[in-house]
Structures are given as structure tokens and as C-alpha cells.
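The values are calculated or read from the model by the stated rules, or taken from the named source; none is laboratory data. Keep in mind that what you see is a predicted model, and the values were worked out from it rather than measured. Counting neighbours? That spans all protein chains shown, and the Cβs are built from the backbone with ideal geometry, glycine included. Areas reflect the complete protein model, heavy atoms only, side chains present, ligands, DNA and RNA absent. Shrake-Rupley method; radii C 1.70, N 1.55, O 1.52, S 1.80 Å.
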Amino acid sequence: MDQNVKQQIERRRTFAIISHPDAGKTTLTEKLLLYGGAIRSAGSVKGKQSDRHAVSDWMELERQRGISVTSSVLQFEYEGYCINILDTPGHQDFSEDTYRTLMAADSAIMVIDAAKGIEPQTRKLFRVCARRGIPIFTFINKLDHAARDPFDLLDELETEFGISTYPMNWPVGSGATFRGVYDRETRELLTYDTYHGGAQRLESRRCPIADEAALDALIGAEARQALQEQTELLDGAGAEFDLEQVRLGRLSPVFFGSALHNFGVEQFLESFLKLTTPPLPRRTDSGAMVNPLDEGFSAFVFKIQANMNRAHRDRISFLRVCSGHFLRGREYLHVQSGRTMRLPQPQQMMAQEREILDEAFAGDIIGVFDPGVFAIGDTICEVGQPLRFSGIPTFAPEHFAVIEQIDSMKRKQFAKGMTEIAQEGAIQIFFYPNSGMEQVIVGVVGVLQYDVLKFRMKSEYGVEFRQRDLPHELIRRVQNPGFNASDFNLPSDVLWVRDVRGGDLLIFNGQWTVRWAEEKNEGLQLHEFHEDIE
Ligand code: G4P
């Protein structure tokens, strides 16, 4: 492989930032961009203040609700590294999008509110990372506010997640008594000052822990003593630092800080970049591994987003480059359709702008105009070297509704809209056997997706629909060949449906009915809905 390409790949770091809403993910992302020089002052990324999201009409919905629906990708340079941050939506109704985004990341930063500890969304996201063995770095945020005991927080992470933790630094106090963090590597205290206003990059004062007199002057003898005791405890009883375990996702390096006040952020970024991995290999569905340094280009689609720009009515597919070197203008193979094509207008998101790019490397995320054939999980690779990536999970919908078109003259638009939105992975569509497209059963993970569907169908496809919510909440795949529901003894409220590929499914209104159906029908083979994560 070309030395330059190899170097480019090895300096890439691609990661996602995850958190429960409000823990400070947006603030931390913004500060990382600030340190990377991608933005000049804080406050320019956040959706609420900027009109970044006004570029698309369906995102109007997101603005009205004040939530972040979509995730974006940001690239910037920092001290020789090329960083790709995958931002993820905070709202739980869009968690599927987050799960898929995690498939494109090589590691994850989990932001936790120091006063709250683990919250429901953190828990779910952690599980997805753990199942894929994604290394997790923890940033415990908001130390400038009263926080829970740091030992308690670590204990919670270890017992809930079954991983080891290694505090890279240690806080001295919190809220009004917050004095700074002790850096365990340099054995220095970084002092927290009220001048850490947050808008600019600021240096911290450093004081060696061995210099007791200087420490006493800075934080007082009592706090100094407590710190010494705690660090002895950490050195004596805590886990050893083991990079191998970090890379396997079994040991999480933990950092304490305050993103809002820029405190501990730079140390975090530097340490994180040293510890996290360059692009990792990906598995194909035949079980083979594709190495980032393999000669041929390969990538998979992990996200599709329509109409990001009102003026262009476009649909952009986001690809994670898994191996090799991508060149604009070159022909590649879309494996699922068997078509060779030039990827139209490959682009990169730079903070709030898009830029057409001529090349990209393994580890990068590129957006391409979608010619209408891409679906989530598809592979694009060198012509003549077909391979297929595995591992984009489909999550089981938990809410179901019958959606019917109102105006039968608009049958085509209805079918097109529903199919395209389903291809993006925002909704999943099912059909009654032997019925057409005019009545569709739509399954979603979060109910807010119905609002997005309604809004988008109207504004993008000019179609209105009637929605009848169903009480059902569980879906199972049927494995019996040539399945016919009438051959089985099923309760009348069980729905028999088919997916777009013709697979048979049953939808139940609760666990109890699933069990009943299994008990009464010996030959019935029901399987969990989701295609498992590798
Ligand atoms: P999210 O993306 O995880 O949802 O969280 P976000 O960064 O939007 O932060 C949620 C709230 O927490 C924001 O306040 C933000 O300013 C605040 N915050 C983030 N980091 C820190 C921190 O280190 N210390 C303190 N004290 N607060 C922090 P908000 O009032 O909801 O929004 P805003 O009016 O400040 O924009």
C-alpha cells in the first residue's frame, strides 16, 4: 500500500459521543471542536441558538420541538490526528439512529452527569457498545456543580456495566468546593479557577502533588490531605491500567471535568487520542475481516438522510470507509444492486459546512448523493472484488400503527414516500399478506417517528394519511416455510404481516400472547426480530 495512504489511515480517529440527554454531549463536542480549531468560539454548534437546522423543512419539526433529531459527522485536525466525530441524537425516540451510528465508530465517549450517574439512555447505549466490544471512554461532566461521590460513580459503572474503570484523573471537591482535578499520569493537580469561563481555550495551573506547601496554599491542607489519601487508595486498590483491556472494551478510562467551563477537556482530548484506536477491521457476512490497510476501497452505508437542504431536495447516504483509499470520479460497485457507479458529489461535513472531497481514507465518513438504490447496511467496494459487510442491526419496533392513504389518486406518491422513508431506517413497514400498498403497518422504536413521518409525507411527497394506533408491542419472525396463519391456533388479535422482502412476521400485544401461541402450536418457529449484532 502507498505509504501516504497508510499514514493517512493510521492518523484517523473515528468515534461517537453518547449520553443521556442533558449530560453535556453537545457542550463537550463543541469544546472538542474549539480545541481542534474547527470553530472559533463556543456557542456556535448548538442547534438551539444557531439556525443550522433550518436548512431542511422536515427538520423544522425538530426545531419546533427543540430536540436534536439527526446526527451529524464532523471532521477536524488536532496535533497530527484527523478526527471524525459522530454526533448522535439525544432524544430516545431516535435511538435507532444512534445505534446505527455506533456501528460506524471505532470507539465511544460516554458523557455522564456527575450529579446523576448512569441514566436510562446511557444504559441502553452502553449495551450496544458492549455487544460490539467498542472501547468506551467515560467523561464525568459538570464537576462545577455539586456531584456524587467519585468512588460511588465508579462503583456504579463497574457494577451496572460489568466493566473495570480506571480514573485517569481525580476530582478535588465539586460545586462550590471544586478545586480541580489530579492528573494521575503527571502526578499534578490542575487547578480550577473561576476564570474558566468556557468560551475560550484556557490553560490550567499545574502543581505537583509532592509539593505539599504549594498545594496547601492552593486548596487548603484539609483538601490536600483528603486528596493524598484518595490517590493512595486508587493506586493501591484500583485496577491496573491496561491498554489491551481498553481496546477490547473491558476497561473504561474515566475522566472528570466540566465541559461548560472548559475544564479538563484538553487533557481529556489528548489522553483520549493517545489511547483510542486507529480504524479497526470490519467483519463481512462470510466471517472474513476487512483490514483498514487492505488495498481495495470498501465502505458501508450506516445512515441515510433525506432533504437536508430545502433547495436541493436531496438524499444523502453516509458511508463509513472501512478499507483503502476512496477517489472521487472512480467507479465502484454497489454490491446489493450489482451496479457499478461513480458516487455522486462525495462530501464531508466540516462543522456546519459541507465540502466536496476528492479523496477519503479508511476511518472517514463520507456523504454521497444517493441515487435511490442505497439502503442501510449496503456495501460499496472495488469493482471485481465484491464483499458484503455484516453487523448493522435492525431493531425491533415497539409501536405499531395502521397507516392508510386518504387520497387514492396519490397512490404512487404514498408508496414512494413510505418506501423511501423506510429505506432510511426511520420506520419499518409491513403489509398484510395479499394486500397492496394502500394500507401499511408502520412499526417504530419511538413514537415521535410517527410525527416525523406525517410531517415528511406531507411536505416532501404531498401526501396525507390516516393513522390508527395498534395496541401491539412485540414482533417476531416466523421461520416456518410457506407459513399460513390459518394453519395455526393463534389468538384473534395476533397480526400476520410480511416485510418488504416477503418474510412472514407475527405481531403480538404482549409477552403473554407470544408464550400462549408457542405453547399451543408446537411446530410454530418464532424468532427474535432483530438481526443480531455480530
Ligand atoms: P446534551 O447534548 O447531552 O443534551 O447536553 P448539552 O450539552 O445540551 O447540555 C445540557 C445542559 O447542561 C446545558 O444547559 C449545558 O449548558 C449544561 N452543561 C453542559 N456541561 C456542563 C458543565 O460542565 N457544567 C454545568 N454546570 N452545566 C453544563 P441548558 O441550560 O439546558 O442549556 P443552555 O441554555 O446552557 O444552552
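All but one of (1) more than 9 Å from the ligand (Cβ to nearest atom); (2) modelled with pLDDT under 55 hold for Gln49, so report the exception by its number.
Failed condition: (1).
Could you look through the stretch 238-263, keep only residues that are among the small types (Gly, Ala, Ser) and modelled with pLDDT of 90 or more, and pick out the one that is most open to solvent (accessible area, probe 1.4 Å)?
Quick first cut of the stretch 238-263, residues among the small types (Gly, Ala, Ser) only: 238-239, 249, 252, 257-259.
Now narrow it down to the ones that are modelled with pLDDT of 90 or more: 249, 252, 257-259.
Numbers: Gly249: 21, Ser252: 2, Gly257: 0, Ser258: 1, Ala259: 0 Å².
So the residue we want is Gly249.
When you scan the stretch 138-171, how many residues do you find that are on the phi < 0 side of the Ramachandran plot and away from the ligand (no atom under 16 Å from the Cβ)?
Step one: filter the stretch 138-171 for residues on the phi < 0 side of the Ramachandran plot, giving 138-141, 143-161, 163-171.
Subsequent filtering for residues that are away from the ligand (no atom under 16 Å from the Cβ) retains 149, 151-152, 154-161, 163-168, 170.
So the answer is 18.
Working only within the stretch 251-287, note down all residues that are outside any strand (DSSP E or B) and within 16 Å of the ligand (Cβ to nearest atom). First the steps, then the outcome.
Of all residues in the stretch 251-287, those outside any strand (DSSP E or B) come to 257, 259-262, 264-281, 285-287.
Across the stretch 251-287, the qualifying residues are Gly257, Ala259, Leu260, His261, Asn262, Gly264, Val265, Glu266, Gln267, Phe268, Leu269.
Each row is one residue, and each column tells you yes or no for (1) at pLDDT 90 or above; (2) exposed (fewer than 13 other Cβ atoms within 10 Å of the Cβ); (3) more than 22 Å from Asp113 (Cα to Cα); (4) in contact with a His (Cβ under 8 Å, 6 or more places away or on another chain).
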position: Asn169; (1), (2), (3), (4): yes, no, no, no
position: Arg187; (1), (2), (3), (4): yes, yes, yes, no
position: Tyr192; (1), (2), (3), (4): no, no, no, yes
position: Gly198; (1), (2), (3), (4): no, no, no, yes
position: Asp216; (1), (2), (3), (4): yes, no, yes, no
position: Gly220; (1), (2), (3), (4): yes, no, yes, no
position: Gln225; (1), (2), (3), (4): yes, no, yes, no
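Considering each of Gly417, Gly377 in turn, give the residue that is open to solvent by less than 30 Å² (accessible area, probe 1.4 Å) and touching a helix residue (DSSP H, G or I) at 6+ places or on another chain (Cβ under 6 Å). Give the derivation first.
Numbers: Gly377 fails: touching a helix residue (DSSP H, G or I) at 6+ places or on another chain (Cβ under 6 Å).
Unique residue meeting the criteria: Gly417.
Which numbered condition trips up Gly372, out of (1) buried (at least 17 other Cβ atoms within 10 Å of the Cβ); (2) without any contact (Cβ under 8 Å) to a residue 60 or more places away in the chain?
With respect to (1) buried (at least 17 other Cβ atoms within 10 Å of the Cβ); (2) without any contact (Cβ under 8 Å) to a residue 60 or more places away in the chain, Gly372 is out only on (1).
Would you confirm whether any residue within the stretch 125-137 is assigned to a strand (DSSP E or B), within 16 Å of the ligand (Cβ to nearest atom), of a type outside the set (Val, Ile, Thr) and within 21 Å of the chain's Cα centre (by Cα)?
Yes: the stretch 125-137 contains one or more residues that are assigned to a strand (DSSP E or B), within 16 Å of the ligand (Cβ to nearest atom), of a type outside the set (Val, Ile, Thr) and within 21 Å of the chain's Cα centre (by Cα).
Pick out the one residue from Leu327, Leu319 that is closer than 17 Å to Phe297 by Cβ and open to solvent by less than 20 Å² (accessible area, probe 1.4 Å). Let's see the steps before the verdict.
Numbers: Leu327 fails: open to solvent by less than 20 Å² (accessible area, probe 1.4 Å).
It is Leu319.
Restricting attention to the stretch 19-37, does a residue exist that is part of a strand (DSSP E or B), within 12 Å of the ligand (Cβ to nearest atom) and modelled with pLDDT of 85 or more? Let's see the steps before the verdict.
Applying the first criterion (part of a strand (DSSP E or B)) to the stretch 19-37 yields 19.
Applying the additional criterion that residues be within 12 Å of the ligand (Cβ to nearest atom) yields 19.
From the residues that got through so far, the ones that are modelled with pLDDT of 85 or more too are 19.
There is at least one residue in the stretch 19-37 that is part of a strand (DSSP E or B), within 12 Å of the ligand (Cβ to nearest atom) and modelled with pLDDT of 85 or more.
Within the stretch 489-517, which residues are part of a loop (DSSP other than H, G, I, E, B) and either of a type in the set (Lys, Arg) or surrounded by 13 or more Cβ atoms within 10 Å (Cβ to Cβ) (or both)?
Leu490, Asp493, Val494, Asp499, Val500, Arg501, Gly503, Asn509, Gly510
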